[in-house]
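Notes follow the structure.
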Amino acid sequence: MTKMTKLMGATAVALTMGAAAYADGHGCGAEGRASILSNDFAAVNAVSAGAAECEGADVTTNATTEHRDIQVAALTANPAEYTVAVVANSSIVALLNEGLIRPLDDLIAAHAPDIPMNQRISVGGEVVAIAFMANAQHLFYRSDVLEAAGVDVPTTYEEVLAAAEEIRSQGLMENPFITNTAVGWNLGEEFINMYLGHGGDFFEAGSANPAINNETGVATLEMMKALAEYSDPDFLTFASNETAAEWEAGNAALGFMWGSRGGPILDDEGSTEEVTSTTVLAGAPTVAGGDTPASTLWWDGFTVASNISDEDAEASFIAMVHGMRDEVVSANNDAAVWLSPAYKPGPAAAGVAATAASGTKPYPMIPFMGLMHTALGNELAEFMQGEESAEQALADVEAAYIAAATEQGFIE
Amino acid sequence: MPHKTFMWFILPSALAMFLFIFVPIISVIVQSMHIEHEQVLIEVENCGPFGCTPEVNVDQEAMRQLREEQPLGRFNGLGTYTNRAHLAFDEVGEAWATQDTWSGFLSAVYNLPFYKALSFTLTFTFVVTPLVLLFGLFIALGVNSLPRVFKGPTIFVSLLPMIVTPLVGSLILFWMVDAEGVLGAALQNIFDDNSLSLKASPWLTWVMLMVYGVWSSTPFAFVVFYAGLQTVPEDTLEAASLDGAGRWQKVRYVVFPYVAPLAVFITLIQLMDNFRVFEPIVGFSAQASATSLSWVIFNDLRGGDVQLFGSAAATSVLTICGVAILLTPVLIRTWRDFNRKRV
């Protein structure tokens, strides 16, 4: 049993002993407007649909992959266009920076005192979001290909490279490794994962000044380049949709992909029996002899807007808690790694659970992390194409970050 | 026309131009000269499903007060224009001082995001525009000499690239040139090279984007030229035939002079269109190898969780300046022609 499931078991016991207003599907008495802005994938949509079943509340939803880009403008309006924004630990920062979401402590005390502590996201002692699912990038592997190549399941990136070399040299697959390295957000995210795996810090302690142009940064880039040697030559255009499709087509044997893709890959749609029956989800590998896996932990949760009436905020909160109730989680058990006690981890959750249990760091919720992420995503492409040195690429990232952070007022 | 009547006649257009062109440009210029307030940071304890960590956060109270006092942010003058993300005066100056060779200097400048985007934008503009003119004219001449029955269907088919939405058109081509796609696999077969990928090589990506640009814009030039060809007087053409002019000579000495003003018009429109090339870069996921000024603006606003309004506004103003510089020679020429005709 992993740490995570243990934690869930403990909270389940605590929950059954308390008054179960939170877990109870009935008695959703809310009056007011609940307008939900969220990303568009199965687990989030299930929560929104569950919230819409709340009697009394006037629930409308807008599920769009463009949610990050409209959330700040939509919640800045007074009254806000949406009362609820479903966010992740990166996208909440933009709302926090502008003060657009309200503390939930009073609402929790009044309506859902039993929400487990591990689902409460707090900043400076105030709960600002309620998380309902976890996500992380981790290893996917094809047991049949590894067996044919005669290699063990890799637990470090050095072993991933060795296994990939073995698979290629035996002619089993030309490009056995795959991960999300599309220029932009995805490439930046891969650097962040690998850099944290190397034990690096992104900023000078206590300031917004960047600190990535160092040996750790160079080692990180060299590992990324080494992995890219075993990837399809088009790797700089691969985002999550492309990598999942390549995997389902049986074109890769070692993948570093999002846990939330596990369910859709393992189901009986879009792939062959040969691929789905031999795909195994495992924890994220470590790198360079470190203990921390080279990945980041993510949560998805809901926040309530500041610029709305207290009645609407109350209705929104009650409806969202209703949307996260046990029946919703049970009915959509395999759609995500739920944080709710009602969740029963299946094979699709094994990778995220193992990654969380082995001490992976959460994605940093720092006001200027988004700017660093953007700079990384834009400035590393030339290094990955072999057109510039690692030092030059890291210097470019720092310079691009400093320009953006100066404009945003984080650096003088 | 009396002055008063003229004023009333022009007023609606002037008002619309003021509201929809002048005011937005002024607002963009004002925006580009401001940056965010200096952020007041405090250290707090952040907790979540994966434990607690001490992290910094923005002090909401202090920031609210600052924003109420100065809602536009801090005045930065032309600071945003000269920073590394734009004209990068310091970086260019340093490259000039430290690099001994021209190629070293150019590659140092090319490494800066604005100049990188500018070099692709200009290359795209100056390669695509003449090719569009050329192909448009030849297709128009070809279609014009077809028998009447075939004209309608041919025109319809020739217009298809323009009818398809640019983003959709580029996505379709993107999938076709994929290593598993029709064109990509065919190319690999022809060159007998399994690792040939149009998306991986920066050089081939540029070629691919320009081929796409020509493909999607040629129908516009074709339609305009084709309309122009219908006005070429039959008498003059017949007279030329009687004088013993061949097909090429007729085109050279009769048709060209007639359609020359149209060529100026197409050049104007194409220079503007190509200078703000954007959709194919997104459609082809070509950001790794090719960025344009419009893409830089898009990336400032949509690239991350935080929007850089000042930066995007500065690039927008620079793009307006770029379009103005590009169009000046064409406009001067048109103005001269206009004056000559009046005399």
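Brief remarks follow.
- Helices (runs of 4 or more DSSP H) contained entirely in region B:255-325, each with at least 3 residues that are without any contact (Cβ under 8 Å) to a residue 60 or more places away in the chain: B:256-275, B:293-302
- Strands (runs of 3 or more DSSP E) completely within region A:26-141 that count 3 or more residues being in contact (Cβ under 8 Å) with a residue 12 or more places away in the chain and touching an Asp or Glu at 6+ places or on another chain (Cβ under 8 Å): A:32-38, A:84-88
- Some residue of region B:220-235 being within 14 Å of chain A (Cβ to nearest Cβ), outside any helix (DSSP H, G or I) and at negative phi: no
- Filter result for A:Glu407 (in contact with a strand residue (DSSP E or B) (Cβ under 7 Å, 6 or more places away or on another chain), facing another protein chain (nearest Cβ under 8 Å) and farther than 20 Å from A:Thr296 by Cα): yes
- The number of residues in region A:355-383 being surrounded by fewer than 21 Cβ atoms within 10 Å (Cβ to Cβ) and either modelled with pLDDT of 95 or more or at positive phi (or both) comes to 1.
- Here A:Ala163 meets the list (1) at pLDDT 95 or above; (2) in contact with a Ser or Thr (Cβ under 7 Å, 6 or more places away or on another chain) almost entirely, failing just condition (2).
- Meets criteria (surrounded by 24 or more Cβ atoms within 10 Å (Cβ to Cβ) and either in contact (Cβ under 8 Å) with a residue 40 or more places away in the chain or hydrophobic (A, V, I, L, M, F, W, C) (or both)) for A:His198: no
- Test: residue in region A:46-56 that is away from chain B (no Cβ under 14 Å) and over 30 Å from A:Pro264 (Cα atoms): yes
- Note on region B:69-81: residues that are within 12 Å of chain A (Cβ to nearest Cβ), assigned to a helix (DSSP H, G or I) and surrounded by fewer than 19 Cβ atoms within 10 Å (Cβ to Cβ) total 1.
- Considering residues of region B:46-60 that are facing another protein chain (nearest Cβ under 7 Å) and over 22 Å from A:Ile402 (Cβ atoms) only, the residue surrounded by the most Cβ atoms within 10 Å (Cβ to Cβ): B:Gly48
- Filtering region B:21-39 to residues that are more than 9 Å from chain A (Cβ to nearest Cβ) and of a type in the set (A, V, I, L, M) leaves B:Ile21, B:Val23, B:Ile25, B:Ile26, B:Val28, B:Ile29, B:Val30, B:Met33.
- Under the condition of being within 9 Å of another protein chain (Cβ to nearest Cβ), under 27 Å from A:Gln408 (Cα atoms) and surrounded by fewer than 18 Cβ atoms within 10 Å (Cβ to Cβ), the residues counted in region A:384-397 number 1.
- Filtered by the rule that a residue be touching a residue at least 60 places away in the same chain (Cβ under 8 Å) and part of a helix (DSSP H, G or I), region A:236-260 gives A:Leu236, A:Ser240, A:Glu242, A:Thr243, A:Glu246, A:Trp247, A:Gly259, A:Ser260.
- Scope region A:246-263; condition small (Gly, Ala, Ser) and more than 10 Å from every other protein chain (Cβ to nearest Cβ); matching residues: A:Gly250, A:Ala252, A:Ala253, A:Gly255, A:Gly259, A:Ser260, A:Gly262, A:Gly263
- In region A:400-409, residue surrounded by the most Cβ atoms within 10 Å (Cβ to Cβ) [restricted to those that are free of Cβ contacts under 8 Å to residues at least 12 places away in the same chain and not hydroxyl-bearing (Ser, Thr, Tyr)]: A:Glu407
- Residue in region B:145-161 that is farther than 29 Å from B:Ser27 by Cα, over 22 Å from the mean Cα position of the chain (by Cα), exposed (fewer than 13 other Cβ atoms within 10 Å of the Cβ) and within 14 Å of chain A (Cβ to nearest Cβ) present: no
Conditions tested, residue by residue: (1) more than 25 Å from B:Thr80 (Cα to Cα); (2) aliphatic (A, V, I, L, M); (3) buried (at least 17 other Cβ atoms within 10 Å of the Cβ).
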position: B:Gly93; (1), (2), (3): no, no, no
position: B:Thr101; (1), (2), (3): yes, no, no
position: B:Leu106; (1), (2), (3): no, yes, no
position: B:Pro113; (1), (2), (3): no, no, yes
position: B:Thr121; (1), (2), (3): no, no, yes
position: B:Thr125; (1), (2), (3): yes, no, yes
position: B:Thr129; (1), (2), (3): yes, no, yes
position: B:Val132; (1), (2), (3): yes, yes, yes
position: B:Phe135; (1), (2), (3): yes, no, yes
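- Evaluation of B:Glu43 against (1) within 8 Å of chain A (Cβ to nearest Cβ); (2) in a helix (DSSP H, G or I) (one fails), failing number: (2)
- Criterion violated by A:Gln137 - all others in (1) within 30 Å of A:Thr181 (Cα to Cα); (2) of a type in the set (S, T, N, Q); (3) at the interface with chain B (Cβ under 10 Å from one of its Cβ atoms) satisfied: (3)
- In region A:73-110, the residues that are more than 21 Å from the chain's Cα centre (by Cα), more than 23 Å from B:Thr53 (Cα to Cα) and surrounded by 20 or more Cβ atoms within 10 Å (Cβ to Cβ): A:Leu75, A:Ala80, A:Tyr82, A:Thr83, A:Leu107
The values are calculated or read from the model by the stated rules, or taken from the named source; none is laboratory data. None of the values given here were measured: they were computed from a predicted structure. Backbone-built Cβ (ideal geometry, glycine too); neighbour counts: all protein chains shown.
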